[in-house]
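Below is one structure, written out as structure tokens, with a few remarks after it.
The values are calculated or read from the model by the stated rules, or taken from the named source; none is laboratory data. Predicted model, so just to flag it, every value in this text is computed and none were measured. FYI the Cβ positions are ideal-geometry reconstructions off the backbone, even for glycines, and counts take in every protein chain you see. What goes into the accessible areas is simple: the full protein's heavy atoms, side chains included, and nothing from ligands, DNA or RNA. Shrake-Rupley method; radii C 1.70, N 1.55, O 1.52, S 1.80 Å.
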Amino acid sequence: MNTKIIRTLVRKEMLDVFRDKKTVVIMLFIPVILYPLIFFGGMQAVAMISASMKEQNYRIVVDAADDGAFARMLAEKGKEQDGGNAETAEETAAKQDEEENYTITLVDAGTVGDYEAALNDELIDVYVSGALQNGKMEYDIYYLSSVTNSSYAKNIVTEAFDEFREVLTKEKIREAGLDVHEILEPILYEKKDTASSEQSLGSIMGSILPFMLIISLMMGTMYPAIDTTAGERERGTLETILTLPVTNRQLIISKFLTVAAIGIVSALLNICSMGGIAFYMYKVADMQTDAEAFEIGRFLPAILVCILTVFVFSLFVSAVTMCITAFAKSYKEANNYITPLMLVIMFTGYIGFIPNVELTQTMAMIPVANICLLIRNMLLFKIDYTAIAVVLLSNVAYAMFAVLFLSRIYDSEAILFGDGKSGMQLFEKRSNLQKGGVPTVSDVWFAVALTIVLVMYAGSMLQMKFGLAGVFGTQLLLLCVPLVIIFYTKRDFRLTFGFRKTAVRNYPAAAFIVTGFYAVNVVISTGLAGLFPDSTENVVTVFDKLMSGNILAVLFVIALAPAVCEEMLFRGMILQSMKEKYRVSAAIGITAALFGIYHMSLIKLIPTGLLGLVFCYVAYRTDSIYPAMLMHFLNNAFSVIISCCPEQVRRIFPIFYQDTLRFGDVLLLLGIGLALMGIGLYILKKGSRRGRKEEKADF
């Protein structure tokens with residue numbers, strides 16, 4: 001590859017990016033100026049609010065049958081906070097510096113009337129009632145959590161009650177002629193934190209730094225990615241560049257390196273800015289307290305790994321961002337596309353704030369989360385070289401795949417210059433839409449997002465409240481989404497859902513394939529159950545609850561309804577629309593992945609994804625959705641029968657009820673499964689409308 005051409009293209013991309021002042025602002029203004037302003041401004045605001053709360057006058061009503069004992073305690077507490085008990089002016093000033101300076105006004109209960117109305121009108125802050133019950137005083141504290149003064153006054157009253165209880169306890173012990181110290185303190189203990197000052201600081205930074213790092217990288221790469229893809233297309237310069245004597249690969253690499261470099265610089269500036277703030281906080285604490293100094297050299301491994309993660313994550317996020325913005329035709333459209341990615345990265349980055357989430361081998365493969373957990377572990381001095389290697393290599397691998405996908409995008413003139421098949425028509429005026437065809441890819445992605453949201457919220461609520469009937473309601477929701485979209489956009493109903501006749505021999509072929517794959521999937525699911533026991537237990541628990549009904553009703557809801565509704569969504573609208581836009585192999589892969597993700601379970605992701613792959617392939621080969629519906633029904637029906645009729649099935653197939661599989665069982669299931677699938681594929685090949693040449697061309 002000609003590196004000279006790539007260097008020239010990189011310089012050209014850099015000039016184009018830095019002509020946009022927004023990039024410079026994002027890179028320099030936010031980390032260098034905005035972060036310190038936010039930090040110091042926030043500290044000042046918190047200090048001012050805290051000071052004002054400590055100097056307030058709190059109006060408290062005590063309506064208790066305790067001869068005014070607690071009211072006197074509150075009055076004394078208010079005088080103490082006001083410095084009334086200090087002997088000299090100097091002592092009073094010192095006390096006001098160290099303690100709170102609020103005052104307490106005891107309001108007569110007779111002047112209040114309705115205490116709830118007085119609290120709501122903020123005439124009083126806390127209302128305390130008390131009565132003698134079974135020989136003990138029982139108090140109730142009424143306050144408004146929505147009002148800051150009332151919440152703060154509640155804390156004052158609670159502290160006063162603790163002191164009041166302690167005073168009364170000591171009095172009763174003395175009255176009994178016992179030693180107060182011996183009774184109340186039969187043992188002594190002292191808390192000694194063995195964590196070093198470096199570990200304490202690392203614990204704090206380990207939660208904050210990773211999140212800030214990924215956000216800064218995302219912000220640093222977002223605008224350059226938009227500018228080098230959608231911005232260039234909007235300016236009309238993409239066509240000119242493609243006429244130059246450079247290959248698409250050279251063009252992609254130059255754009256990718258430009259965005260990644262800007263992201264790295266932006267992230268390093270953010271790290272320096274946050275490091276400066278942390279160093280300032282440490283110096284202030286060191287001057288004001290006798291805190292133990294820490295050795296900056298102990299953080300050197302964490303700093304080096306952090307820099308490495310900046311590089312690899314910049315590669316990953318740059319490639320992914322460019323893949324998304326490459327589909328946009330303008331800055332506005334690209335910003336709309338990038339927003340969901342930013343939300344996903346932000347929410348995933350919160351994993352660093354969650355305690356007890358460890359960097360396991362599985363977590364080390366999850367993008368964004370693995371970076372956050374790795375940096376947190378390094379700052380806590382938990383060094384695992386295997387985890388470091390897995391995290392770094394996985395991010396590089398994901399970046400490479402994204403770059404390869406990006407190169408495929410730039411090889412497609414239909415994507416680069418638009419062919420009318422990707423724009424969202426759902427929000428167009430219906431009278432402007434033409435009849436026929438299948439939904440656009442943008443409409444399909446909107447349908448997928450809407451479906452997942454409906455299943456997460458409405459579907460889960462239906463299932464929790466109505467059980468099996470709620471599952472059927474969820475399936476109807478799945479069906480309603482594509483039907484509404486097809487109706488509004490005037491798409492061809494039969495073409496979109498793949499309702500076409502197919503050869504009769506394709507149905508037994510589909511039955512053979514799904515039966516064989518069910519046996520293979522038993523091996524896969526059993527292996528995954530050993531890796532994710534908690535997730536497996538949750539799935540089994542939910543499934544067993546659904547199996548408690550009548551077997552015919554269960555078959556209808558669990559087997560037949562998904563075979564119709566889910567297939568019309570996935571092998572219907574999604575697959576048929578994807579085939580119009582992408583190569584068949586890509587369309588099948590995307591549809592299968594969405595089918596696995598839709599089930600929203602870690603243990604079911606791989607099995608259902610592979611199952612979706614098989615369904616898609618059969619639907620493509622038969623050019624009809626009906627065989628896929630049959631396969632879906634049979635697959636779910638097998639599970640229902642195994643769960644509802646354990647005694648009968650166990651006599652014939654005891655292997656399905658084993659928690660672990662022996663090596664011989666694995667070979668048996670794989671052998672039977674692959675043999676049945678081979679028979680089905682042979683029949684399918686004989687009955688398919690498509691020839692080998694066409695299939696090879698599509699794949």
For this session: For G572, indicate whether it is within 26 Å of the chain's Cα centre (by Cα), at pLDDT 85 or above and within 30 Å of D623 (Cβ to Cβ).
Result: no
Exercise. Of everything in segment 625-641 that's over 16 Å from F499 (Cβ atoms) and β-branched (V, I, T), which residue is surrounded by the most Cβ atoms within 10 Å (Cβ to Cβ)?
Worked result: V640
Exercise. Say we look at segment 142-170 and pick out the residues that are open to solvent by 60 Å² or more (accessible area, probe 1.4 Å) and touching a strand residue (DSSP E or B) at 6+ places or on another chain (Cβ under 7 Å); which of these is nearest to V128 (Cα to Cα)?
Worked result: Y142
Exercise. If a residue has to be touching a residue at least 12 places away in the same chain (Cβ under 8 Å) and out of contact with any Lys or Arg (no Cβ under 8 Å at 6 or more places or on another chain) to count, how many in segment 119-142 make the cut?
Worked result: 13
Seminar exercise, completed: When every residue in segment 598-619 that is assigned to a helix (DSSP H, G or I) and without any contact (Cβ under 8 Å) to a residue 60 or more places away in the chain is compared, the one farthest from the chain's Cα centre (by Cα) is Y617
Exercise. Hey, any hits in segment 216-225 for a residue that's modelled with pLDDT under 80, open to solvent by 10 Å² or more (accessible area, probe 1.4 Å) and either of a type in the set (S, T, Y) or part of a helix (DSSP H, G or I) (or both)?
Worked result: yes
Seminar exercise, completed: Within segment 303-337, restricting to residues that are part of a helix (DSSP H, G or I) and in contact with a Gly (Cβ under 7 Å, 6 or more places away or on another chain), the one that is farthest from M400 (Cα to Cα) is Y331
Exercise. Under 7 Å by Cβ, and 6 or more places apart or on different chains, what pairs join a residue from segment 246-259 that is at pLDDT 80 or above with one that is open to solvent by less than 30 Å² (accessible area, probe 1.4 Å) and among the acidic types (D, E)?
Worked result: S254/E13; K255/E13; T258/E13
Problem set entry | Leading residue by the ranking (surrounded by the most Cβ atoms within 10 Å (Cβ to Cβ)) among those in segment 226-248 that are within 30 Å of G349 (Cβ to Cβ) and among the hydrophobic types (A, V, I, L, M, F, W, C) | I226
Exercise. Just checking, how many residues over segment 92-110 are at pLDDT 70 or above, polar (S, T, N, Q) and open to solvent by 50 Å² or more (accessible area, probe 1.4 Å)?
Worked result: 1
Problem set entry | Criterion violated by A389 - all others in (1) under 28 Å from the mean Cα position of the chain (by Cα); (2) at pLDDT 85 or above; (3) in a loop (DSSP other than H, G, I, E, B) satisfied | (3)
Exercise. Does M629 fit the bill of being on the phi > 0 side of the Ramachandran plot and either over 31 Å from the mean Cα position of the chain (by Cα) or assigned to a loop (DSSP other than H, G, I, E, B) (or both)?
Worked result: no
Problem set entry | Of all residues in segment 186-211 being open to solvent by 70 Å² or more (accessible area, probe 1.4 Å) and in a helix (DSSP H, G or I), the one that is modelled with the highest pLDDT | I208
Exercise. Looking at I183, is it out of contact with any His (no Cβ under 7 Å at 6 or more places or on another chain), exposed (fewer than 12 other Cβ atoms within 10 Å of the Cβ) and among the aliphatic types (A, V, I, L, M)?
Worked result: no
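Conditions tested, residue by residue: (1) free of Cβ contacts under 8 Å to residues at least 12 places away in the same chain; (2) buried (at least 16 other Cβ atoms within 10 Å of the Cβ); (3) in contact with a Leu (Cβ under 8 Å, 6 or more places away or on another chain).
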{"position": "R298", "(1), (2), (3)": "no, no, no"}
{"position": "A302", "(1), (2), (3)": "no, yes, yes"}
{"position": "S318", "(1), (2), (3)": "no, yes, no"}
{"position": "C323", "(1), (2), (3)": "no, yes, yes"}
{"position": "F327", "(1), (2), (3)": "no, yes, no"}
{"position": "N335", "(1), (2), (3)": "no, yes, no"}
{"position": "P340", "(1), (2), (3)": "no, no, no"}
{"position": "F347", "(1), (2), (3)": "yes, no, no"}
{"position": "N356", "(1), (2), (3)": "yes, no, no"}
Seminar exercise, completed: Exception for Q425 within (1) crowded, with 19+ Cβ neighbours inside 10 Å; (2) out of contact with any Leu (no Cβ under 7 Å at 6 or more places or on another chain); (3) farther than 24 Å from M629 by Cβ falls at (2)
Seminar exercise, completed: Within segment 503-514, residues open to solvent by 60 Å² or more (accessible area, probe 1.4 Å) and in a loop (DSSP other than H, G, I, E, B) come out as V504, R505
Exercise. Can you name the condition, by its number, that I173 falls short on among (1) open to solvent by 50 Å² or more (accessible area, probe 1.4 Å); (2) of a type in the set (A, V, I, L, M); (3) without any contact (Cβ under 8 Å) to a residue 12 or more places away in the chain?
Worked result: (1)
Exercise. Counting only residues that are surrounded by 15 or more Cβ atoms within 10 Å (Cβ to Cβ) and either without any contact (Cβ under 8 Å) to a residue 12 or more places away in the chain or not in a helix (DSSP H, G or I) (or both), how many does segment 642-688 have?
Worked result: 4
For this session: Would you mind telling me which numbered condition in (1) open to solvent by 50 Å² or more (accessible area, probe 1.4 Å); (2) part of a helix (DSSP H, G or I); (3) modelled with pLDDT of 85 or more K435 fails?
Result: (2)
